[in-house]
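J.: Before I ask anything, here is the structure I am working with.
The values are calculated or read from the model by the stated rules, or taken from the named source; none is laboratory data. This structure is a prediction, so every number in the text was calculated from the model and none was measured. Note that each Cβ is placed from the backbone with ideal geometry, even for glycine, and that neighbours are counted across all protein chains shown.
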Amino acid sequence: MRLIQFIDDDGAPNLGQVDTSGRSLRRVAHHRSTYDLAMAALARGTTLEAVTETAGGELPYTRLLADGRVLPPLTHRDPAHCLVTGTGLTHLGSAATRDAMHHKLSSDETTLSDSMRMFKWGLDGGKPKGGEPGVQPEWFYKGDGQIVAAPGAPLESPSFALDGGEEPELVGLYVIGADGTPHRLGFAIGNEFSDHVTERQNYLYLAHSKLRACAVGPELRTGALPDHLAGTSRVRRGDIVVWEKAFLTGEANMSHTIANLEYHHFKYAAHRRPGDVHLHFFGTSTLSFADGIRVEPGDRFEIDLPDLGAALVNPLAVADAGFGIGGVKAL
């Protein structure tokens, strides 16, 4: 099932189910948000599909996208109760990159950088057998629900940033039940969007580089995720594509299982607060910055992952930081 949240003709948010053609949708009856639909499913002890009924005529999906009326596919009415996080060093990358990594990884582990050592740990222990947890991945915090841009909306890079580049990723969408159990609603396309120049200065700046906007959507796909997902990420400047590259995701292309990454996120009690929403990015191996591309305001990021529906498109903008040194006042 494919769900979107959108602004209806009356200006109010609504929930829709996309048809199999991907060109139209119908409103979901009785519920105006994915969150409300999930709460109804939890209350009845059933699935999202079981509580989803559609009503009314068809709506043109492509027009809603073009008009900027599509919202992120899962939100919380209080953005402070939406936690946006991610895991890195989880993907194998292209065959050539993987071969080069494996060659280096054959050396003594003590000679490896922290990044390469953690990548090796994932290769060795990220897909455990027998139901036991595997090695824990790199983990980072991005922000709360306020940082999530809608499909088509600008990704705003703060004025103090040194870079603002795309990261095409798979995102898990979760709601925490009343008993503290995390429930995965499904998956969506994500642009994790980071400051790679800041990160490259020193790996300890990773946390700073991740405190940025991101985008998720347009669609939430329910059900089992294919092991192999193939997509294309591109940067468009006006009518010109200045960079384009295929990317792979899904467990067949990862050094960790989804279950292992989920365990190491939700093992913390603070991440199992009833009623909260979690948007968790699962990592990537492809980004334009690695190929020497410097993006400019007005460039459009386009992430196309057909198995998860329509492409996620967002332009780059620069925002005033809104804060300067001396901005903290004593009481």
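J.: For the range 140-156, how many residues are closer than 21 Å to T198 by Cβ, in contact with a Gly (Cβ under 9 Å, 6 or more places away or on another chain) and either assigned to a loop (DSSP other than H, G, I, E, B) or at pLDDT below 95 (or both)?
T.: 0
J.: Condition first: in contact with a His (Cβ under 8 Å, 6 or more places away or on another chain) and under 24 Å from S113 (Cβ atoms). Can you find one or more residues in the range 154-163 that meet it?
T.: Yes: the range 154-163 contains one or more residues that are in contact with a His (Cβ under 8 Å, 6 or more places away or on another chain) and under 24 Å from S113 (Cβ atoms).
J.: Right, another one. So, in the range 30-49, exactly how many residues are out of contact with any Leu (no Cβ under 9 Å at 6 or more places or on another chain) and either in a loop (DSSP other than H, G, I, E, B) or farther than 17 Å from V175 by Cα (or both)?
T.: Number of matching residues: 3.
J.: Restricting to the range 54-105, name every residue that is at pLDDT 95 or above and assigned to a loop (DSSP other than H, G, I, E, B).
T.: Those that are at pLDDT 95 or above and assigned to a loop (DSSP other than H, G, I, E, B): D67, G68, R69, P72, P73, L74, T75, H76, R77, D78.
J.: Still on this structure, please answer the following. What's the total number of residues in the range 1-54 that are under 13 Å from T75 (Cα atoms), of a type outside the set (A, V, I, L, M) and touching a Phe, Trp or Tyr at 6+ places or on another chain (Cβ under 8 Å)?
T.: Final tally of qualifying residues: 2.
J.: Give the residues of the range 185-204 that are surrounded by fewer than 24 Cβ atoms within 10 Å (Cβ to Cβ) and in a loop (DSSP other than H, G, I, E, B), sorted by residue number.
T.: Answer for the range 185-204, where residues must be surrounded by fewer than 24 Cβ atoms within 10 Å (Cβ to Cβ) and in a loop (DSSP other than H, G, I, E, B): just N202.
J.: Now for a separate question. For the range 160-200, enumerate the residues that are in contact (Cβ under 8 Å) with a residue 24 or more places away in the chain and over 30 Å from A38 (Cβ atoms).
T.: F160, A161, L162, D163, G164, G165, D195, H196, V197, T198
J.: Search the range 280-312 for residues being in a strand (DSSP E or B) and either basic (K, R) or in contact with a helix residue (DSSP H, G or I) (Cβ under 8 Å, 6 or more places away or on another chain) (or both), and hand back the single one that is surrounded by the fewest Cβ atoms within 10 Å (Cβ to Cβ).
T.: R300
J.: Something else: Can you tell me which residues in the range 238-289 are over 18 Å from L308 (Cβ atoms) and of a type in the set (F, W, Y)?
T.: W243, Y263, F266, Y268, F289, listed by residue number.
J.: Considering only residues that are within 16 Å of the chain's Cα centre (by Cα) and among the acidic types (D, E), look in the range 225-262 and name the one that is nearest to G131 (Cα to Cα).
T.: Initial filter on the range 225-262 (within 16 Å of the chain's Cα centre (by Cα)): 225, 229-233, 247-251, 254, 258, 261-262.
If we keep only those that are among the acidic types (D, E) as well, we get 251, 262.
Values: E251: 16, E262: 13 Å.
Filtering first and then ranking leaves E262.
J.: Just to be sure, is L15 at pLDDT 95 or above, in a helix (DSSP H, G or I) and either closer than 21 Å to N314 by Cβ or not β-branched (V, I, T) (or both)?
T.: no
J.: Same structure, new question: Quick one: which residue in A321, A317 is in contact with a Ser or Thr (Cβ under 8 Å, 6 or more places away or on another chain) and either part of a loop (DSSP other than H, G, I, E, B) or not aliphatic (A, V, I, L, M) (or both)?
T.: From the options A321, A317, the qualifying one is A321.
J.: Can you find even one residue in the range 157-174 that is under 25 Å from K267 (Cα atoms), surrounded by fewer than 16 Cβ atoms within 10 Å (Cβ to Cβ) and more than 12 Å from the chain's Cα centre (by Cα)?
T.: No, the range 157-174 has no match at all.
J.: Sticking with this one: In the range 211-270, which residue that is touching a His at 6+ places or on another chain (Cβ under 7 Å), part of a helix (DSSP H, G or I) and of a type outside the set (A, V, I, L, M) is modelled with the lowest pLDDT?
T.: Taking the candidates together, the pick is N253.
J.: Can you tell me which condition A246 does not meet? The list is (1) free of Cβ contacts under 8 Å to residues at least 40 places away in the same chain; (2) closer than 28 Å to K127 by Cα, and all the others hold.
T.: Single failed check for A246: (1).
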